[in-house]
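Have a look at the structure below, then the notes.
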Amino acid sequence: NEYNGQMAMTYDDLNKLVSSKVRGSMMWMVLGLLLTGAAGFFVYRGLAAGSPIAYGILNMYWVFAIIEVAMVFGFTALIYRANSSTLRIMFLAYSILNGLTLSVIGLIYAPEIIFSAFLGTLSIFVVLAIYGYFTKENLTRLTPILFAGLIALILVSIINIFLQSSGLDIFISVIGVIIFTIFIAVDVNRIKNNIIGYAVHEDSDILNKIEIVGALNLYLDFINLFLYILRLLGRRR
């Protein structure tokens, strides 16, 4: 690692490193989204064609959903133990698995609604990512508030499973959009700050870990924002 052990990195070198790693996180996120989309489309088209494989995947929806949750916790637990290559493989596997479970949205929402939700999510993501990268503020101070809001959102969502209130569902979706919109800026800001903090003192694998962990965070922000926007726009088939 050309930066390892250098106690006096130039400003230009630091800027290039930060730019490279933030861009790396974005590229891994995009790759993850492409794999998710491809896997979801594969299952959706299989269902339309009457493929037994696709129907088998659909029947195992909850199994895959539980495995997904376990993979996220496993990824988090292995951040300090596994190398960056292992984390990258886990991220790609999770992206594919998530595509299998998200394929059901093609059965629920009209294609034009899905496309509109995706464009809306992409537009918000680009604007907030740019803000998170260029702002001079340390946005990570908002993390405790966002996590508290996220926990409250999950609890209210669980309650609404029993209440089945359409008004509360709209409220949940709006709050979800707000929370994950802010998360985008915060997570981009966190990647930048972590790279700056570790640039001189750690080796390349630590920087690569920051890159792939950042990619997972941004991927989850994008997917969750997309799903909440989809719920707001969605017209059930």
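Taking the criterion of being surrounded by fewer than 16 Cβ atoms within 10 Å (Cβ to Cβ) and within 21 Å of L207 (Cβ to Cβ), would at least one residue in region 108-130 satisfy it? Full working, then the answer.
Kept after step one, since they are surrounded by fewer than 16 Cβ atoms within 10 Å (Cβ to Cβ), are these residues of region 108-130: 108, 110-112, 115, 119, 122-123, 126-127, 130.
Cutting the leftovers down to within 21 Å of L207 (Cβ to Cβ) gives us none.
No, region 108-130 contains no residue that is surrounded by fewer than 16 Cβ atoms within 10 Å (Cβ to Cβ) and within 21 Å of L207 (Cβ to Cβ).
When you scan region 43-55, do you find a residue that is open to solvent by 50 Å² or more (accessible area, probe 1.4 Å), within 27 Å of A185 (Cα to Cα) and small (G, A, S), even just one? Let's see the steps before the verdict.
Residues of region 43-55 open to solvent by 50 Å² or more (accessible area, probe 1.4 Å): 44-45, 48-49, 52-53, 55.
Retained after the next criterion (residues that are within 27 Å of A185 (Cα to Cα)): none.
No - not one qualifying residue is present in region 43-55.
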Check: Only one of V30, V63 is β-branched (V, I, T), loosely packed, with under 12 Cβ neighbours inside 10 Å and either at pLDDT 90 or above or within 30 Å of T86 (Cβ to Cβ) (or both); which?
Finding: V63
Notebook entry, point to check: List pairs: first in region 207-223 and farther than 17 Å from I79 by Cα, second of a type in the set (A, V, I, L, M, F, W, C) and assigned to a helix (DSSP H, G or I), Cβ under 6 Å, 6+ apart or cross-chain?
Noted result: D221/F180; D221/F183; D221/I184; F222/F125
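Out of curiosity, is V156 in a helix (DSSP H, G or I) and under 18 Å from the mean Cα position of the chain (by Cα)?
Working: in a helix (DSSP H, G or I): yes; under 18 Å from the mean Cα position of the chain (by Cα): no.
Here the answer is no, as V156 does not meet what is asked.
Those residues that are touching a strand residue (DSSP E or B) at 6+ places or on another chain (Cβ under 9 Å) and either in a helix (DSSP H, G or I) or among the small types (G, A, S) (or both), I need them from region 95-109; list them, please.
Of everything in region 95-109, just one residue is touching a strand residue (DSSP E or B) at 6+ places or on another chain (Cβ under 9 Å) and either in a helix (DSSP H, G or I) or among the small types (G, A, S) (or both), namely I108.
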Next item on the list: Scan L227, L220, L216 and give me the residue that is closer than 25 Å to L97 by Cβ, assigned to a helix (DSSP H, G or I) and open to solvent by less than 20 Å² (accessible area, probe 1.4 Å).
Entry: L216
Checklist line | Residue within region 42-52 that is of a type in the set (S, T, N, Q), free of Cβ contacts under 8 Å to residues at least 12 places away in the same chain and outside any helix (DSSP H, G or I) present | finding: yes
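Taking into account only those residues within region 75-94 that are of a type in the set (A, V, I, L, M) and part of a helix (DSSP H, G or I), which is farthest from the chain's Cα centre (by Cα)?
Checking each candidate, the answer is A77.
The values are calculated or read from the model by the stated rules, or taken from the named source; none is laboratory data. In this text the structure is predicted, and so the values were computed from the model without any measurement. Here the Cβ is made from the backbone with ideal geometry for all residues, glycine too, and neighbour counts use every protein chain on show. Quick note on the areas: whole protein, heavy atoms, side chains included, nothing else; ligands and nucleic acids left out. Shrake-Rupley method; radii C 1.70, N 1.55, O 1.52, S 1.80 Å.
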